[in-house]
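The values are calculated or read from the model by the stated rules, or taken from the named source; none is laboratory data. Here the structure is a predicted model, which means the values were calculated and not measured. Neighbour counts are summed over all protein chains in view; Cβ atoms, including those assigned to glycine, are modelled from backbone coordinates with ideal geometry.
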Amino acid sequence: MHALPAARGSQPFEPTGSSRRPAAQLPPGVHIRRRALLRAGLALPAALLLQRLVAAHSPRTQALDDELLAFVDAWASRADALVAGESAEPTAAGAQAAPDDPAAEALLHELCAALASRDPAGFPARFRDAYVGRGMITGPVGGRGALSLLEVVIEPGRELPVHNHVGYDFITLGLGGEAQARHFEPAGAGKDPGSELHQEFTVREVSSTLLVPGRTTTLTRTRANIHGFRAGSQGARMLDIGIHHAGPGAGPQHFSVLEVDEQPSDAQARLYTARWIGNIYAMEKVEAQRAAGGGDKAR
């Protein structure tokens, strides 16, 4: 999976001026700086190749007000501090090979607590579509430094396939509709999706959450790093808040979609047989480019 680049400046979001909230809940030791959240030219993680907008849940235009700008800027500073000085080199081979990262876990818990006091309707829609396909659509909302915000909209009954993340911590916040969010970890050493595709191994379902507006799920580079979503009958709109680390650490080193058997191999232990099937989105893009090239030659 490709890393999201840092937000690069173009036009700042304009404050609405008509909606004021109480003072932002800021992390300890962080002071507000009056800075606009720059529109982020964020590269989409390979897992999020998407299709059509669920119009009922995703307004096309909405502005960030001053208070929300300050909120995001403060947490971006915390994210930058977390990743400062990290090594870009992996610390172990394979997925889920090390204990949880206490500093990352602490930051995610604090941010989830801060998000719980906010109205999820106050977060704006994406300012552009990043990619369309597979019954979903996604696009950047904003970000700065190590912090990125991405809107994901899934059509009713469709799913975002189970996949991992490389070098990221994520909070997924429900904004509209509902989706079943499932998280997995390899049971044991697991398999490396970079070299062991289509080989069976066992994963454990470590959480299953009905994601509704205001509710969150989280993952780190080494904890619950594999996840997927299935939208309910009204579709789902979510906000992915990502923290991009300097490297994968002890987490997975290659991106892949995971094929998970529908029935568990051990229901009591929540164990499933699974197979990495690679970056299906990159493969589809190559096929589309080949098809377009063949069409040009035919003409």
Confirm whether residue 73 is surrounded by fewer than 20 Cβ atoms within 10 Å (Cβ to Cβ), modelled with pLDDT of 80 or more and either over 19 Å from the mean Cα position of the chain (by Cα) or in a helix (DSSP H, G or I) (or both).
no
With criteria (1) free of Cβ contacts under 8 Å to residues at least 24 places away in the same chain; (2) part of a strand (DSSP E or B), residue 188 comes up short on (2)
All-but-one check, residue 195 against (1) crowded, with 21+ Cβ neighbours inside 10 Å; (2) under 18 Å from residue 91 (Cα atoms), failing number (1)
Taking the range 216-246 on its own, how many of its residues are surrounded by fewer than 19 Cβ atoms within 10 Å (Cβ to Cβ) and part of a loop (DSSP other than H, G, I, E, B)?
1
Can you tell me which of (1) touching a His at 6+ places or on another chain (Cβ under 6 Å); (2) of a type in the set (Gly, Ala, Ser); (3) surrounded by 24 or more Cβ atoms within 10 Å (Cβ to Cβ); (4) at pLDDT below 95 is the one residue 143 doesn't meet?
(1)
Result of the Cβ filter at 7 Å on the range 282-299, keeping first residues that are surrounded by 10 or more Cβ atoms within 10 Å (Cβ to Cβ) and partners that are at pLDDT below 55, at least 6 apart or interchain, is 282/46
A careful count of residues in the range 243-268 that are in contact with a strand residue (DSSP E or B) (Cβ under 7 Å, 6 or more places away or on another chain) and among the small types (Gly, Ala, Ser) gives 2
Would you be able to say whether some residue in the range 160-169 is over 22 Å from residue 252 (Cβ atoms) and either at pLDDT below 95 or buried (at least 18 other Cβ atoms within 10 Å of the Cβ) (or both)?
no
